[in-house]
1. So what's the back-of-envelope 222 nm ellipticity for the chain, counting only DSSP H runs of four-plus at -39500 (n - 2.57) apiece and dividing by all residues, rounded to 500?
2. What is the order of His8, His82, fewest Cβ neighbours within 10 Å to most?
3. Once you list every other residue whose beta carbon is under 12 Å from the beta carbon of Glu33, what net charge do they have if Lys and Arg are +1 and Asp and Glu are -1?
4. How big, on average over all directions, is the shadow cast by the Cα convex hull of the chain, in nm²?
5. Collect residues whose amide H, placed 1.01 Å from N in the peptide plane, falls under 5 Å from the amide H of Val17; neighbours closer than 5 in sequence don't count.
6. Using only Cα atoms, tell me the angle between helix 24-34 and the longest principal axis of the chain; keep it within 0 to 90° and round to the nearest 10.
Amino acid sequence: MIDYKTKHRRLNGNGSVWIDKNKIYLAFDKLFEKFKDSILVVSYRSDGIPSIEELENLLKKYKPSVEEIKRKSYKYVLSNNHSEEILLIGK
């Protein structure tokens, strides 16, 4: 499943809901619903899809308390820009 033609050896796949902008909202919703009886901790990139606000709203469907713990500037190896890493906790 490794694509040897790419510089960083990406994986070939059938497609994933996590990289499909039209399916990712439902994927997060199902994930949060599945673990709704647990404390949810999400480490997330500020420029991701969905946005931090949208992700917080999805968490609030299943958790009465959602707090943002920390923001930290971060440069991902395969990214051209700087973003922030955010830690969300849903209780």
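1. Details: 2 runs with 20 residues, N = 91.
-6500 deg cm²/dmol, from helical runs alone.
2. On the way: His8 7, His82 11.
Neighbour counts put them in this order, fewest first: His8, His82.
3. Details: positive: Lys30, Lys34, Lys36, Lys61, Lys63; negative: Asp29, Asp37.
Surrounding charge for Glu33 is +3.
4. Values: hull surface 27.9 nm².
Reported value for the Cα convex hull: 7.0 nm².
5. The list, which skips near neighbours in sequence, is empty: none.
6. Long axis of 24-34 versus the principal axis of the chain: about 50 degrees.
Each reported figure results from applying straightforward, stated rules to the coordinates on display, with no laboratory input. Source: prediction; values computed, not measured. Cβ coordinates were reconstructed from backbone atoms using ideal geometry, including for glycine residues, and neighbour counts include every protein chain displayed.
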